[in-house]
1. From Cα pairs below 8 angstrom and at least 6 apart in sequence, can you work out the relative contact order of segment 419-486, rounded to a whole percent?
2. Sort 394-403, 270-279 by the packing proxy (mean of other Cβ within 10 Å over each peptide's residues), most packed first.
3. Based on the Cβ-Cβ distance from residue 449 to residue 307, what FRET efficiency comes out when R0 is 51 Å, to the nearest 0.05?
4. At 0.36 nm per residue, and after removing the present C-alpha to C-alpha distance, how many nm does the segment from residue 285 to residue 188 gain when stretched out fully?
5. If I take every Cα pair under 8 Å that is 6 or more residues apart in the chain, average their sequence separation and divide by the length, what percent do I get for the relative contact order?
6. Report the antiparallel proportion of the DSSP beta bridges in the chain as a percent, rounded to a multiple of 5.
7. Which shape class, rounded, prolate or oblate, goes with the chain when its Cα gyration tensor gives a ≥ b ≥ c as root eigenvalues, a/c under 1.5 marks rounded, and past that a/b bigger than b/c marks prolate?
8. If you count, for each residue, the other Cβ atoms within 10 Å and average over each peptide, how do 285-291, 365-371, 478-484 line up from highest to lowest?
Ligand code: GAP
């Protein structure tokens, strides 16, 4: 059953990936040079959707909360930042070398690839059986009953559980033993002559300055949070904030990820939306619970069913945290982390104070004393939120007349385009009338114009990019100023006038209509 789900899920992820490319959401980066692993570019519709998600996050943090201010710090930061934050010492993944080829690999990638080969063997068995049984073939039943498939599946399960246990216990010898036990060979030398497994830092290094002697090693930031910690004093003073207060920021982060797969779920260059909330020491458990709830409410407010989310409280904590919880989302490959809420204590500010020698304290007028504030952070990947929305929205529907359509039921206020204007014909003054009414909406929301092909095909195109409403202008419009509005999800149509459309835009399509339901 588990494997059956994985196969189906792989199919649905594949469909999302190809739909994203075909309809201008996401392109593989540098495709003409065969792409770059785990790096993606956002196309027109993808950029609009991404901007809308970012804006929903930013406004819900900074505009709706009087006690949160924003910043936009640089990607490059002084290298000591990452010593203080612990990333130089503790932000690692495991690495192994083949002694014959002298090639270096990520130990868990080798194991994952071995698992992938076993999965391919299963796929081969399925293809063979499909050929033999033709129309009578039942894939699910075959997976559940074929002894060969069941045997491979059980090996996959066994390897996975050994791998998880080794990594959870930070036991690199156990990882090496697993590679030996599976007789994993180096793809270049073909031998199993491996070194021990060692840790590999995930930060990307670069250099500041032109000449070798005067240049300084820099890192591309692996999280945006440190930009907030380094600016804490400046922000607190210039914005005259009193504890408790928060600083929010969105921006790129970079990680040389080991298992960089699953489309935009785990990327090497991605965007984070983080908020650090500075509080009195001792109040962290209260604020941790408040922010856990607030963040889940933010997700539910866009209309995704609550069965797609769950909390996952961490037993094993990162080096900086005294409590941590993930909000997990049901992605096509199962429940996985979408957002993290971390109680970071005074770890970061204290380390920066120690390493920089500069006092980073807050004078609390109520308690009449100085202290280093504690921090509760909320951290979500913008690209991961994008994938969550695609997962929730993408549907392949069979209609009553037997035809099919691909529809993206993107929450309306976040949809790339809110309205599509479609003159029924390219003549008789219909395009001119259409451009005239479009002017009433352009300054407020993103809209599109399409006059090519039959109206049915145009509706399908808009369904596929998630446009909530299509507006069709026909000959009757010229007589009585009414036009047809078609709902993306129900496909129902009715005739309305421009004032009614303006009200629909205001009530259902603006970000304001989404933000006003958030209970801040
Ligand atoms: N400042 C805390 C921090 O960075 P994290 O759990 O490592 O915590 C926070 O990352 C969020 O960033 C994750 O919940 C995820 O949404 C996103 N994220 C992390 N690594 C990512 C990657 N390689 N690709 C895409 N998103 C990623």
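Please treat every number below as a calculation from the coordinates, not as lab data. Remember, predicted model here, so these are calculated numbers, not experimental data. So basically every Cβ, Gly included, is an ideal-geometry build from the backbone, and we count neighbours across all protein chains shown.
1. 43
2. Going by the mean number of other Cβ atoms within 10 Å, highest first, we get 270-279, 394-403.
3. The pair residue 449/residue 307 has a calculated efficiency of 0.85.
4. Roughly 29.7 nm would be gained on extension.
5. After rounding, I find 14 percent.
6. Of all bridge pairs located within the chain, approximately 85 percent are antiparallel.
7. oblate
8. Top of the packing list down: 285-291, 478-484, 365-371.
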